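Novice: I have a structure here, written as structure tokens, and I will follow up with some questions on it.
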Amino acid sequence: MAVEKPRVSAFNVEVKDGVARLVFDLPGEKINVLRSSVLEELSGVIARLGADREVKCLLVESAKPGVFVAGADLKELAAVADRASEVAGRGQEVMNAIEDLPFPTIAVIDGAALGGGLELALACRWRLASDEPSTSLGLPETTLGIIPGFGGTYRLPRTVGLSQALRMILTGRPVDARRALKMGLVDGCHPRGFLEDKARELAARLTAGKPPERRRRPLSVRIVEGNPVGRAVIFRQARKDVLSKGGAHYPAPGEAIALVRKNRRGSRDAAMRRESEAIGRLAAGPVARNLISIFFMREEAKKLSWKGAHPGLEASPSRKISRAAVLGAGVMGGKIAWLFSKADIPVVMKDISWDAVQKGFESAYGVYKELGSKGRLDARQVNLKMHMISGAVDYGGLGSPDLVIEAVVENLAVKKKVLAEVEGRMGSRAILASNTSSLSITEMAGALSRPDRFLGMHFFNPPNLMPLVEIVPGPGTDPEAVNGACQAALALGKIPIVAADRPGFLVNRLLLPYLNECVRLAEEGADFTEVDRILHGFGWPMGPFRLLDEIGLDVGREVARILHAAYGPRAEPPAAMERLAGRKDMLGRKTGKGFYVYKGKKAAPNHEIRALLAAGDGAGRGARLSPRDILHRPLLMMVNEAARALQEKAVSGPRELDLALILGAGFPPFRGGLLRYADEMGSTRVRDTLAEYNERLGERFSPAPLLESMIHDGKKFHDGAD
Amino acid sequence: MAKAGTVFKDTPADDLGAMAVREAVARSGIPAEEIDEVIMGNVAQPAHAANIARVIALKAGLPQRIPAVTVHRNCASGMEAITTAAVKIMAGYGKIFVSGGVESMSNIPLLFPREYADWAQRMARAKTFPARLGALLSFRLRMLKPEIALMEGLTDPVSGLIMGLTAENLAREFHITREEQDAFARESHIRAAAALKDGSLNGEVVPVPAYPDFTRIVEKDNGPRENQSMEALARLKPYFDKRNGTVTAGNSSQITDGAAAVVLMAEDEARTRGIEPLGYLRDFAYASLEPERMGLGPVYASSLLFARSGARMSDIQYVEINEAFAAQVLACRIAYDSDAFARKFLGIDCKLGAMDPGATNAQGGAIALGHPVGMTGTRLVIHCLRELKRRNKNVGLATLCVGGGQGAALLLEAA
């Protein structure tokens, strides 16, 4: 009985001289993904091939340029999260069927083989990869809160050994073809032009019964992994690494370690069952749901799908930045210049003195040095990238940049002057951007004769690591310039979020009320280490006081002042803020101590600062603060401000807001976002808690009008399906 | 420019050149896509950057489709880059050229002798144990004695003379004393140091970061010595001819790293684009003479240049002449102004005419600033034009002597 073919086939099969080629070519898509319908078809194809007496060897290939198989279909996975173990089980059956084929199988990998794609390749007996940069092999599932579900936890350790498998699964980071060859993940690494020939050659050898010898794992690996003590050390190290990276909040890595350990022995069927059960548990949980949802938000942001929320942006064409300039070299300017050089965009750093320019060069080179020491770039690449950067102390050296980013001191008069100076040196289509974090774009635009080409582009510090850029149009900014700035941010590997020109823009506007409230808690007698512990426990990468140390207490105070002036009493900084910023020797990490004393990588609480914190009026209210209050007061201040920002249309929607806080402030991703968290708490409970605090602690907690209307309409922040 | 072995010692020639080209292009305002070719002069072409002009063009961020060629006329390489471009423009083989010169004398390598290379090859080829042992045993310690490529490069293979000895020849021929040479050298330092101080080199020198770690920006040339005294110069021993010599390290040009670049186009092209040029190249000439008298090259080349262009020494309002050696410049000075010399060597009846020391090398020369051999030619042209402008004068001559027995002379006109 013939299996009925789907209408449009995802697989083309041809058999020639006993060698079958199975070419994966998902119709109507740029990439191959494994979804249920595809797996069904694949299952049928494999069954037919397995029964075909003529087939002596099978090549598995992709017709998509730069992609072998990108993985499972996340959209489908998100939709059937509660039946994930079923879907995984089906996938496992297909992979098992491939593994059980009665003839040799070769995966021919030219492009990304990720997640289910790599698992498909692992089910083949041989793997050949092209040495193209686009070829990458990885299992990124744990970064999405799930685990490899098509047999990856069973087959990968058997292919590359325990420690390499754990590293790949736990970090989710893919490897290139050369590395894959070295670790035994692939059996050959060849130039694209010869890949097909090499595959045919291998097929011929295999059908002739003369298989090539496989690479053996390095002796050191065989020794360590070949005995129970070595293995125990590996597993213990893996667990330790996972715990140090926010472990408890993210169940997937722990599950993955347990699976790899258990699946080392026992039958394949048992291993598969364990794997599919685990993925079922994880996919149905909130962490995976949130992480996958954030993944989609990022993808939307990258495609600028939120443009629709900003009038005029939709229609404007995209444009390439082929030359850039940064005004103000310094550490920040140097690192922004680094971003351009990394993206191979020539950039000029201009400052008023060559000493300052030198600092910029050093700052940029420092980032490369770090990358170099991690083996990510070699000296030749660093040399070429550094050649993208040049210095200048006059405007003549700028050439004709398409984008100029001003990063001089945060002083309105200075910025206005510099912006007006450079404006005259730029082409009419060039974009002028300020990297201000706290000053008004509208006001700066007033100093310019071409305000339509001007906007804010706020990089977060340090710009080489922080993935967010706030794009802040002024009142007269041409949508085409906004679009150009978004494209530029993307070209630099950043996620752009368009925010309105309100003081603090979006992220700082939400972050400061949170930090203010934390300082208030300390004023009232909470120990700052306790506050840090609780909020770090909530999932923030660092507690608020550690964060203040990183920002610098003087900078924090300055931003708090600006926001106070803008938003009135609810943004009034606690009195301690002023006292803290007054101690010039304790301004945070940059002075060696703030709330903590920093010695190398260690940080110990700074007992001196306790006196400063408690010296004000709020001190000794006596009431022992409950952990619940310590958690909720700062977070709800943030939620409340977010509600106001949404209502003012300071940002186009809750998804953008959530993503911005995750990328810009480190809001814990597994919680899905601030507003997702608020939704989970429930609008009524949020409002009621705020009302209670409003009563007890002051009007800054007065619930935002949007909350009231949401409760009235029975809505949530995140309404609609996602 | 920086003395060899100092701030640019870890900045290879291709990196230096790339920075110069990038700045020249950025400051010209010409869109990089419109450049037709890059031509760079370089003498000791680094092993890691064959056809260094191409490496420089790419590192400078110029579009990949722009071709590049490296030219070599020894010390005149930086002029050859300019005149080659000029000829191409006149012949219609392109409209916009980037020309320049570069040299990293810090990075001229020591070479293993050929014997060592032969031995290494024998080792590599030996497959069996006895063969390997045999090859190993054929090793001799002398095989490791390096050849100093810098010295080899500065030695003329035909006459067998190192450049300093050709200067000694001229000192003898024209009876130029040690004191005269030292005084000339001191004047060069004083002029150059004053120029660095009063800022008359501003706009000509682009500060650049020193590779590889970018911990400093090199803002100024570091060759000139403000307090150069005659006593200090007198204490130096003759370097080339230890017994009877007069040429010392102090009255010779310095061994230096540096790079320079210009953008060239036809006059009407510049006019159409509304670009204000630095100046014009009116004519040029290269001439040859005995390798052992190479220092007189400027006189021979100037003679040919004048004959060809109709210009005369009296038209020249400012001269930039390379100071390879004090003896060599002083010899030229005499030869320019000698009827006898003109009759005997140039085949003309009367002398070319005297150089005015007051209108020659006003900001010093290679004795103070250094002589990155491949680069100097370009620097002389740039500096001559800028000095003409500064003096509000019109016609200038940039000239230098070339190892191997040549001279170059460029007739320039300020814009």
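Bear in mind these aren't lab numbers, they're just calculated from the coordinates by the rules spelled out. Predicted model, so just to flag it, every value in this text is computed and none were measured. Reconstructed Cβ throughout: ideal geometry from the backbone, glycine too, with neighbour counts over all protein chains shown.
Novice: Once the other residues with Cβ under 9 Å from the Cβ of A:Ser434 are scored (Lys, Arg +1; Asp, Glu -1), what is the net sum?
Specialist: Once all neighbours under 9 Å are counted, the net charge is 0.
Novice: Roughly how many Å is it from the Cα centre of region A:406-479 to that of region B:1-42, as a whole number?
Specialist: Centre-to-centre distance over Cα atoms comes out at 32 Å.
Novice: Cβ under 12 Å from A:Phe150's Cβ, A:Phe150 left aside: what net charge do those residues give with Lys, Arg +1 and Asp, Glu -1?
Specialist: -3
Novice: Follow-up question, since we're still on this one. Kindly give the semi-axes, whole Å and largest first, of the ellipsoid equivalent to region A:383-540, taking each as the square root of 5 times a Cα gyration tensor eigenvalue.
Specialist: For region A:383-540, the ellipsoid semi-axes come out as 34, 18, 15 Å.
Novice: Still on this model: Enter the Cα centre distance for the pair region A:342-384 and region A:525-570, rounded to the nearest angstrom.
Specialist: Cα centroid to Cα centroid, the span is 32 Å.
Novice: Using every Cα-Cα pair within region A:62-195, state what percent have a distance larger than 18 Å.
Specialist: 50
Novice: Here's something else I'd like to know. Given R₀ = 60 Å, FRET efficiency for A:Glu201-B:Glu173 by Cβ-Cβ distance, to 0.05?
Specialist: In this case the efficiency is close to 0.25.
Novice: Using only Cα atoms, find the angle between the long axis of helix A:251-262 and the longest principal axis of chain A, and express it within 0 to 90 degrees, rounded to the nearest 10.
Specialist: It works out to around 30 degrees.
Novice: Report, in degrees rounded to the nearest 10, the 0 to 90 angle that the Cα long axis of helix A:654-665 makes with the longest principal axis of chain A.
Specialist: For A:654-665 against chain A, the angle is about 80 degrees.
Novice: Using only C-alpha atoms and all pairs of different ones, pull out the Kirkwood radius for the protein assembly as shown in Å with one decimal.
Specialist: 34.7
Novice: Please report the equivalent ellipsoid semi-axes of region A:627-694, computed as sqrt(5 x eigenvalue) of the Cα gyration tensor, largest first, in whole Å.
Specialist: Working from the Cα gyration tensor, I get semi-axes of 19, 14, 10 Å.
Novice: Can you give me the relative contact order of chain A as a percent, contacts being Cα pairs under 8 Å and 6 or more apart?
Specialist: Across chain A, relative contact order equals 8 percent.
Novice: Also: Just add up the charged neighbours of A:Glu99: K/R +1, D/E -1, any other residue whose Cβ is under 9 Å from the Cβ of A:Glu99.
Specialist: Neighbour charge sum, excluding A:Glu99 itself: +2.
Novice: Also: Find the centroid of the Cα atoms in region A:626-692 and in region A:30-100, then give the distance between the two in whole Å.
Specialist: Going from one Cα centre to the other spans 40 Å.
Novice: While we're looking at this one, here's another question. What average count of beta carbons from other chains do you get within 10 Å of the Cβ of residues in A:320-327?
Specialist: 1
Novice: Search the structure for amide H atoms under 5 Å from the amide H of A:Val326, placed 1.01 Å from N in the peptide plane, and list their residues when 5 or more places away or on another chain.
Specialist: Amide H to amide H, under 5 Å and 5 or more residues apart or across chains, A:Val326 pairs with A:Val348, A:Met349, A:Lys350, A:Ile405.
Novice: Once you treat every alpha carbon in region A:1-108 as an equal point and sum by Debye, what is log10 I(q)/I(0) at q = 0.21 Å⁻¹?
Specialist: The computed values of log10 I(q)/I(0) come out as -1.23.
Novice: Between A:Leu59 and residues 5 or more places away or on another chain, which pairs have amide H atoms under 5 Å apart, with H built 1.01 Å from N, and which residues are they?
Specialist: It is A:Ala20, A:Arg21, A:Leu22, A:Ile106, by chain and number.
Novice: Can you work out the base-10 log of I(q)/I(0) for region A:497-641 at q = 0.09, 0.13, 0.19, 0.20 1/Å, using the Debye formula on its C-alpha atoms alone?
Specialist: -0.25, -0.53, -1.17, -1.30
Novice: Helix A:286-302 versus the longest principal axis of chain A: what is the Cα-based angle in degrees, 0 to 90, to the nearest 10?
Specialist: 80
Novice: Once phi is turned into θ = phi - 60°, what whole-Hz ³J(HN,Hα) does the Karplus curve with 6.51, -1.76 and 1.60 give for every residue of region A:389-400, x standing for Gly and Pro?
Specialist: Per residue, the Karplus-derived 3J(HN,Hα) values read 9, 10, x, 7, 10, 9, 6, x, x, 6, x, 10 Hz.
Novice: Related question: Which ³J(HN,Hα) values in Hz, rounded to whole numbers, follow from the phi angles of region B:200-207 under the Karplus curve 6.51 cos²θ - 1.76 cosθ + 1.60, where θ = phi - 60° and Gly and Pro get x?
Specialist: Ordered by residue, 3J(HN,Hα) equals 6, 9, 4, x, 9, 9, 9, x Hz.
Novice: Mind checking the full-extension length gain between A:Ala79 and A:Ala51? Use 0.36 nm per residue of separation minus the Cα-Cα distance, one decimal, nm.
Specialist: 6.6 nm is the gain from fully extending A:Ala79 to A:Ala51.
Novice: Select from region A:20-102 those GluC sites (Glu not before Pro) which occupy a DSSP coil region and have at most 13 other Cβ atoms within 10 Å, ordered by residue number.
Specialist: A:Glu29, A:Glu54
Novice: Okay, moving on. Once phi is turned into θ = phi - 60°, what whole-Hz ³J(HN,Hα) does the Karplus curve with 6.51, -1.76 and 1.60 give for every residue of region A:100-108, x standing for Gly and Pro?
Specialist: Each residue's phi maps through the Karplus curve to give 8, 4, x, 9, x, 10, 10, 8, 9 Hz.
Novice: Expressed in nm to one decimal, what extension gain is obtained for the pair A:Ser449 and A:Lys369 from 0.36 nm per residue of sequence separation less their Cα-Cα distance?
Specialist: 24.7 nm
Novice: List the chymotrypsin sites (Phe, Trp or Tyr not before Pro) within region B:77-127 that DSSP assigns to loop and that have no more than 15 neighbouring Cβ atoms inside 10 Å.
Specialist: Qualifying residues, ordered by number: B:Tyr93.
Novice: So what is the calculated 222 nm ellipticity per residue for the protein assembly as shown, using -39500 (n - 2.57) for each DSSP H run with n of 4 or more, over all residues, to the nearest 500 deg cm²/dmol?
Specialist: -14000 deg cm²/dmol
Novice: While we're on this one: When only Cα pairs under 8 Å and 6 or more residues apart are kept, what is the percent relative contact order across region A:513-585?
Specialist: So the answer I get is 31 percent.
Novice: Straight-line reach from A:Lys56: which lysines have Cα under 19 Å away, leaving out those fewer than 8 places along the same chain?
Specialist: Once the sequence-local lysines are set aside, what remains near A:Lys56 is A:Lys16, A:Lys198, A:Lys210.
Novice: Using only alpha carbons, build the gyration tensor for region B:281-333 and give me the equivalent ellipsoid semi-axes, biggest first, whole Å.
Specialist: Gyration-tensor ellipsoid for region B:281-333: 20, 14, 9 Å.
Novice: Right, something else. Run down the lysines and flag those whose C-alpha is under 23 Å from the C-alpha of A:Lys303, throwing out any fewer than 8 positions away in its chain.
Specialist: A:Lys30, A:Lys64, A:Lys75, A:Lys320, A:Lys342, A:Lys494, A:Lys649
Novice: Starting from the amide H of B:Val69, placed 1.01 Å from N in the peptide plane, find each other amide H under 5 Å away whose residue is 5 or more places distant or on another chain.
Specialist: For B:Val69, whose amide H was placed from the backbone, the distant partners under 5 Å are B:Val38, B:Ile39, B:Met40.
Novice: Distance cut-off 30 Å, Cα to Cα: go down the list A:Lys601/B:Lys3; B:Lys59/B:Lys197; A:Lys369/B:Lys220; A:Lys182/A:Lys369; A:Lys335/A:Lys416; A:Lys302/A:Lys335 and report the pairs above it.
Specialist: Beyond 30 Å: A:Lys601/B:Lys3; B:Lys59/B:Lys197.
Novice: What's the FRET efficiency of A:Arg376 with A:Lys245 using the Cβ-Cβ distance as r and R₀ = 22 Å, to the nearest 0.05?
Specialist: 0.70
Novice: May I pose another question? Over all directions, the average projected area of the alpha-carbon convex hull for chain B comes to how many nm²?
Specialist: Result: a mean projected hull area of 23.0 nm².
Novice: Hey, another quick one. Go ahead and run the numbers for FRET between B:Ile275 and A:Val409, Cβ-Cβ distance against an R0 of 35 Å, rounding to 0.05.
Specialist: E between B:Ile275 and A:Val409, to the nearest 0.05, is 0.50.
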